[in-house]
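The values are calculated or read from the model by the stated rules, or taken from the named source; none is laboratory data. Nothing here was measured: the structure is a model prediction, and the numbers come from that model. No Cβ is skipped: glycine too gets one built from the backbone with ideal geometry, and neighbour counts run over all protein chains shown.
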Amino acid sequence: MRHVWTGDERRLLAERYAAEGAVAIAAQLGRSADSVSSQARRYGIRSPDYRARQARSRAVASKTVDMKFLETDTPENAFVAGYIWACGSLRTTYRAVLRASCPRGDLDGLRKVRTLLKSQNLIQTYENRHVLEICNSVFVETFLKRFGMPPGRKTDGDPPKIASTFLSRFAAGYLAGAGSRSEAHVLFVGHRTVIQWLAPGIMAQVDVPEPVLNADLARHSIRWADPRSVRAIGAWLKG
């Protein structure tokens with residue numbers, strides 16, 4: 001690899017770098033992208049993706065959320081995914097945001113999610129909701145790649161990409177966000193696609209009969225109310 005830049009190379013760099021960026025110029029000159037970007041910095045020339053790269057670097061270095069949380073499949077991030085699928089959302093346009101919310105006064109699940117994420121973001125309280133927002137483009141991008149897109153207000157979304165090993169923790173997170181459990185019943189409430197995926201997943205891992213399905217509501221629900229099933233699912237959720 002040559003180290004000395006010729007006059008023609010420097011002129012090409014000055015004329016095209018701002019429009020084409022380091023990778024394209026490097027291919028034309030037979031140099032590495034690092035060499036090209038380093039030379040451009042000497043002349044104070046910025047590439048078209050400079051601000052995007054700068055923003056990404058800031059996001060990666062951010063201390064407002066644990067950036068290593070999504071590196072591998074764990075029971076903890078399966079729980080968080082379950083909570084997001086139950087009562088959260090993910091936005092990628094304009095501003096990347098991972099959002100979780102709960103009814104006012106029902107903070108236990110949301111606080112647990114915040115703790116697991118090691119988030120420095122405050123939980124905001126509105127008239128009837130508590131909301132936690134993670135505004136980190138790299139974290140949101142990684143979440144989307146690992147788990148997929150959660151349901152929205154007007155869309156059912158897709159079932160999450162959850163390994164069967166961690167389905168019980170996903171279900172526990174989901175139950176914390178949209179459902180209830182007592183000595184008398186276990187109830188999951190949510191979008192049709194998710195509920196229809198979750199019910200057979202539970203029955204495949206727990207020896208329980210088919211649940212009572214309520215599909216009349218805008219949101220579907222499944223419910224087990226016999227004592228043996230309630231005990232069995234309760235024990236499985238702790239796994």
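Restricting attention to the range 116-171 and to residues that are within 24 Å of Gly105 (Cβ to Cβ) and either acidic (Asp, Glu) or not assigned by TED's automatic domain parsing to the domain that holds Ala86 (or both), the residue that is surrounded by the fewest Cβ atoms within 10 Å (Cβ to Cβ) turns out to be Glu127.
Only one residue in Arg95, Arg58, Arg42, Arg53 is at pLDDT below 85 and either buried (at least 16 other Cβ atoms within 10 Å of the Cβ) or farther than 30 Å from Leu117 by Cβ (or both), so which one is that?
On the way: Arg95 fails: either buried (at least 16 other Cβ atoms within 10 Å of the Cβ) or farther than 30 Å from Leu117 by Cβ (or both); Arg58 fails: either buried (at least 16 other Cβ atoms within 10 Å of the Cβ) or farther than 30 Å from Leu117 by Cβ (or both); Arg53 fails: either buried (at least 16 other Cβ atoms within 10 Å of the Cβ) or farther than 30 Å from Leu117 by Cβ (or both).
Result: Arg42 is the single residue among Arg95, Arg58, Arg42, Arg53 that is at pLDDT below 85 and either buried (at least 16 other Cβ atoms within 10 Å of the Cβ) or farther than 30 Å from Leu117 by Cβ (or both).
Quick check: anything in the range 198-218 in the same structural domain as Met149 (by TED's automatic domain parsing), under 24 Å from the mean Cα position of the chain (by Cα) and assigned to a strand (DSSP E or B)? For the range 198-218, residues in the same structural domain as Met149 (by TED's automatic domain parsing), under 24 Å from the mean Cα position of the chain (by Cα) and assigned to a strand (DSSP E or B): absent. Search the range 13-27 for residues that are free of Cβ contacts under 8 Å to residues at least 24 places away in the same chain and pair each with any residue that is assigned to a helix (DSSP H, G or I) and of a type in the set (D, E, K, R) when their beta-carbon atoms are under 8 Å apart and the residues are at least 6 apart or on different chains. These pairs meet every condition: Ala24/Arg16; Ile25/Arg16. Of the residues in the range 178-192, how many are at pLDDT 95 or above and either surrounded by 22 or more Cβ atoms within 10 Å (Cβ to Cβ) or part of a helix (DSSP H, G or I) (or both)? Looking only at that region, the number is 2.
The one condition from (1) of a type in the set (A, V, I, L, M); (2) under 19 Å from the mean Cα position of the chain (by Cα); (3) modelled with pLDDT under 95 that Ile195 does not meet is (2).
The residue pairs whose first member lies in the range 223-238 and is touching a residue at least 40 places away in the same chain (Cβ under 8 Å) and under 21 Å from Phe79 (Cα atoms), whose second member is in a helix (DSSP H, G or I) and among the hydroxyl-bearing types (Ser, Thr, Tyr), and whose beta carbons are closer than 8 Å, counting only pairs six or more residues apart or on different chains, are Trp236/Ser168; Leu237/Ser168; Lys238/Ser168. Among the residues of the range 16-37, the one identified as assigned to a helix (DSSP H, G or I), exposed (fewer than 12 other Cβ atoms within 10 Å of the Cβ) and at pLDDT 75 or above is Asp34. Against the conditions (1) within 13 Å of the chain's Cα centre (by Cα); (2) part of a loop (DSSP other than H, G, I, E, B), Glu141 satisfies every one except (2). The residue pairs whose first member lies in the range 156-179 and is β-branched (Val, Ile, Thr), whose second member is buried (at least 22 other Cβ atoms within 10 Å of the Cβ), and whose beta carbons are closer than 9 Å, counting only pairs six or more residues apart or on different chains, are Ile162/Ala78; Ile162/Ala81; Ile162/Gly82; Ile162/Phe147; Ile162/Arg169; Ile162/Phe170; Thr165/Ala78.
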